[in-house]
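Let me begin by presenting the structure, written as structure tokens, before commenting on it.
Computed from the coordinates by the stated procedures, all read-outs in this text should not be read as laboratory data. Values in this document were obtained by computation on a predicted structure and should not be read as measured data. So basically every Cβ, Gly included, is an ideal-geometry build from the backbone, and we count neighbours across all protein chains shown.
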Amino acid sequence: MADHTFPDGFLWGAATSAYQIEGSPLADGAGPSIWHRFAHTAAKVFENQHGDVACDHYRRYRDDIALMRELGIRAYRFSISWSRVLPDGTGRVNAAGLDFYKRLVDELAANDIRPMATLYHWDLPQAIEDRGGWANPDSAKWFAEYADVMIRALDDRVPLWCTLNEPWVVVHEGYVMGGHAPGRRDWREAVAVSKNLLKAHAAAVEAYRARGKNKIGLVVNLVPIHAASESDEDKQAANRWDAYFNRQFLDPALLGKQPSEMADLYGEAWSDWTAEELAQVSQPIDFVGINYYLRLVAADDPSGGPPRAKAVRQPQSEYTAMDWEVYPAGLTEILKWVASRYGNVPLYITENGVALDDVVAPKGVLDDTRRVQYMNSHLKAAREAIGTGVDLRGYFVWSLLDNFEWQSGFSKRFGIVRVDFETQQRVPKASARFYTDVIRTNGGALGG
Ligand code: FCB
């Protein structure tokens, strides 16, 4: 690697998710999702924005794929809207909804772009929510039924599948903070949902083994947690937070065990799992997808809710428009940590990117230098991990397009391509041009 390039066959991609870009959420017989419902509830999203149009990708997908091709992007991670395909969550298949994803993957194939499909990126069918959602123990069975429909329809054209995107966020934002759909704040429910999500993941993997021929994995967001001081209190707080964030899902799914901190962490809300449950959720998977954005520095917070830790701002660091610390070394650290704790399982960086207050120059050019720097430093950090033997197979920038950033609506822009939400015009930013060079040189353009 003296020439600074990445291993042969390294997959260079871009990522999006259904509710964030598609628009037309009820088109062609689709059922509503919890995000459709949530965004249309007053005061949940910045300025009451919603995904009714978003990037209008449901209608413009051909143009978006042509743009990816022009940029040299080789792989595309997208997610499937469960309620487009199964409007009632289970049972009846909506052929028109399924057809959208068939056309999408056909178009990708025609442009020589490899698809990675995520089955669940937070847009649960509202019909499932009406039956208790992820808190209902039957949710795993329903998810496997939906997974089976998708595997039958697309596995001949989709080489890489992800079960869940970031179960931690589903639990924390959906059931603890209430900032995401379905907007609840209940630790007991959070504990139940955490378990049911793991069961759903495993049930989808089992469905995949029965019928699928390619690869399936789990996508988690990982955050290096460093203690704010050398005190035992802060170190223990960092440890609890690490268990909550980083090990809550990976330990059961990959090692068939619970982090020892769970009972202490969740307190009264916690209930132990049976050995049978642990065996059930630890289905072998083909890869782990890692979404990496930031680091957290933790201090003890005895009066706070679980995990009784609070984040300490680092005055010397740069923070993004999300107020997330820019910390590229953490990517090397987390990749090496996963490889050593979970065996040298194949890894993908399934998301990495940055929201900035992009400034458009008069001629419409967007010189997002800080995004270029962010991508450059994080890709170098990834390359460093590969140099130590980590089996990293690909990188997907978040995101291809500026899009609907959940409760922040359209106010946070992560795209390497600018979207004018009035006109739907797409304009590649400097970061997109930079990424084109990186891909063309298989990383050589990053420099030493
Ligand atoms: C991740 C989500 C993705 C996007 C980025 C910024 O947590 O998976 O949808 O919101 O953060």
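Some points to look at:
- Of the three principal axes defined by the Cα atoms of the chain, the extents in descending order read 57, 53, 44 Å.
- Magnitude of the charge dipole, region 85-243, Cβ model with Lys/Arg +1 and Asp/Glu -1, debye to 20: 540
- Taking the number of Cβ atoms within 10 Å of each Cβ as an exposure proxy, the fewest-first ranking of Asp272, Asp358, Asp88 is Asp272, Asp88, Asp358.
- Here region 306-333 is scanned for amide nitrogen atoms under 15 Å from the site 7 Å beyond the Cα of Phe46 along Cα-to-Cβ, giving 320-324.
- When you filter the GluC sites (Glu not before Pro) in region 345-448 for DSSP loop state and at most 15 other Cβ atoms inside 10 Å of their Cβ, you are left with Glu422.
- Rough spin-label spacing in nm, given labels placed 7 Å along Cα→Cβ, for Asp367 and Ala109: 4.4
- Rounded Å value of the spacing that divides the Cα centres of region 73-122 and region 319-353: 27
- Arranged from fewest to most other beta-carbon atoms within 10 Å of their beta carbon, Thr350, Thr41, Thr436 become Thr41, Thr436, Thr350.
- Full extension of the chain segment joining Asp420 with Ser377 gains 12.7 nm, where the gain is 0.36 nm per residue of separation less the Cα-Cα distance.
- With a Förster radius of 60 Å applied to the C-beta separation of Ala329 and Lys141, the computed FRET efficiency comes to 0.90.
- Where Rh is the Kirkwood radius over Cα pairs, Rg/Rh for region 105-221: 1.01
- Cα-based radius of gyration for region 310-387, normalised by 2.2 N^0.38 Å, reads 1.33.
- Candidate lysines for bridging to Lys141, where Cα separation is under 17 Å - those fewer than 8 sequence places away on the same chain excluded: Lys195, Lys199
- Farthest toward positive dipole pole in the chain [+1 Lys/Arg, -1 Asp/Glu at C-beta], among Ser282, Met150, Thr369: Met150
- Remark: the Gln316-Ser231 segment gains 28.5 nm on full extension, using 0.36 nm per residue and subtracting the alpha carbon distance.
- Relative contact order of region 286-354, pairs being alpha-carbon contacts under 8 Å that are 6 or more residues apart, as %: 48
- Look at the dipole of the chain built from charges on Cβ: of Asn48, Val191, Ala355, the Cα furthest out on the positive end belongs to Ala355.
- Inter-part distance where region 1-32 and region 42-65 are each reduced to a Cα centre, Å: 15
- Backbone amide hydrogens, once placed in the peptide plane, bring Thr118 within less than 5 Å of Phe78, Ser79, Ile80, Cys162, excluding anything fewer than 5 places away on its chain.
- By other beta-carbon atoms within 10 Å, ranking Val354, Val149 with the fewest at the front produces Val149, Val354.
- Per residue, the average separation of C-alpha pairs within less than 8 Å and at least 6 apart gives the chain a relative contact order of 18 percent.
- Cα gyration tensor shape of region 231-336, rounded if a/c is under 1.5, else prolate or oblate by comparing a/b with b/c: oblate
- Under 20 Å of direct C-alpha separation, and excluding same-chain neighbours fewer than eight residues apart, Lys102 reaches these lysines: Lys213, Lys215.
- Think of the chain as having a plus end and a minus end, set by charges on the Cβ of Lys, Arg, Asp and Glu; of Val326, Phe245, Pro428, Pro428 sits farthest toward the positive end of this dipole.
- Here Lys336 is the anchor, and the lysines within straight C-alpha reach of less than 20 Å, apart from those fewer than 8 places off in the same chain, are Lys380.
- Inter-centroid distance (Cα atoms) of region 399-448 relative to region 210-224, Å: 24
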